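Worksheet: the structure to be examined is printed underneath.
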Amino acid sequence: MNEHITEYCKKFIESQENPHYAVFLNGKWGTGKTYFINKLLEEYTDNTDVKSKDIIKISLFGVKSTDEIDMKIYQAIHPILSSKTVKLFGAVVKSAIKLGTTIDLNGDNKDDISLSSDGLFELKSGDKVNSISKKLIIVDDFERAILSPNQIFGYFSEIITESDTRIIFIGNEENIYDKDEEKKKEYLRIKEKTIGVEFELKPDKKNAIDSFLSELSLQEKEFFSAKAFEISEVLKCDNLRTVWQALYNLNIFVSLIDDILEDNDKECIFEIFLILYIQKNLEEIHKDDDINSILTGYYKHHKSYKEYTVWLNEQQNQKKDTYFFSELFNTYTFFRCLE
């Protein structure tokens, strides 16, 4: 589904000519942006022209300053800085030091990192990240930074224009700016100077579901792959995070009750679990909703419960129809399993 985006990104990363702009991968939450970029980065190993060690990935979640971006990149380059050992070390010395302790990361007899009196690591002034040679920096969670989008673009524009490093931003643009039209115009103006190409990522559900199932111990993967895809299509669920959570919890559900079910009932019950879990996760059904109506909407009318109730309201004087469902699995039982 996103093959053209994959091909473009590969050419962007591997090109010998510097484009002097960044790429923005836009998509709603849960549509598989992280899945997409992880699959893309699997292309690069120690044996490719652009090697895996030439690529770093950072998240801007909660970032409040450009200094924090500096540190995020340094931590990605020197993973020891984000290790539990170093975090523990920082906590231990916090109460013992008054002046900073310095760390030489590169072995060049120059201090790269200082440990301040509050136990936090800081970059030494004058040692800028854009002097570090990397082929690609993936900047995820763009919209989740506290730092303004304009400041983020300003920070990376220096790297883009003055180095051969490629930048790919990943974010949900609809959550980047608020309803302030002036802020939106300013954002788009600065974005235009930084972003050369933008793509809208669509959820690649079939491949994502197969990838999810490869991580789980569920048997009959072909059945669950087909059913999970079919159910997500009928329910119009494009949120891959919800689909993953449904399959993950189904895996637990199966391990708990598989031995006590008749073989003839298993596929039906597991299918119903996915139908209910996905809608519950999307907050489209609740404990007080009638399970017969939920399943009637799905099996007889191929609709989510939300769509089905709207459809029913549009039908005047229509006799209520139901889908037979064993009393053994009532609403209470299933919602207990979903919690």
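The values are calculated or read from the model by the stated rules, or taken from the named source; none is laboratory data. Computed from a prediction, not measured in an experiment: that's the story for all the values here. No Cβ is skipped: glycine too gets one built from the backbone with ideal geometry, and neighbour counts run over all protein chains shown. For accessibility, only protein heavy atoms count, side chains too; no ligands or nucleic acids. Shrake-Rupley method; radii C 1.70, N 1.55, O 1.52, S 1.80 Å.
Before moving on, here are some points about what is shown:
- Residue in segment 23-36 that is under 22 Å from E215 (Cα atoms) and more than 18 Å from the chain's Cα centre (by Cα) present: no
- Looking only at segment 302-316, residues that are part of a loop (DSSP other than H, G, I, E, B) and surrounded by fewer than 16 Cβ atoms within 10 Å (Cβ to Cβ) come to 3 in all.
- Evaluated against (1) within 27 Å of G27 (Cβ to Cβ); (2) at pLDDT 90 or above, N47 falls short on exactly one condition, (1).
- Beta carbons closer than 6 Å, at least 6 apart along the sequence or on distinct chains, pair a first residue in segment 228-244 that is closer than 11 Å to H302 by Cβ with a second that is surrounded by fewer than 21 Cβ atoms within 10 Å (Cβ to Cβ) for V234/H302.
- Whenever a residue of segment 248-272 is over 14 Å from F223 (Cα atoms), its partners that are surrounded by fewer than 15 Cβ atoms within 10 Å (Cβ to Cβ) and of a type in the set (S, T, Y), lying with C-beta atoms within less than 8 angstrom and at least six residues away or across chains, give the pairs S255/S217.
- Note on segment 198-301: enclosed helices (runs of 4 or more DSSP H) holding 2 or more residues that are of a type outside the set (D, E, K, R), closer than 30 Å to C9 by Cβ and open to solvent by 60 Å² or more (accessible area, probe 1.4 Å) are 205-214, 240-257.
- Within segment 11-38, restricting attention to residues that are of a type outside the set (A, V, I, L, M, F, W, C) and under 21 Å from K193 (Cβ atoms), the residue that is least open to solvent (accessible area, probe 1.4 Å) is N26.
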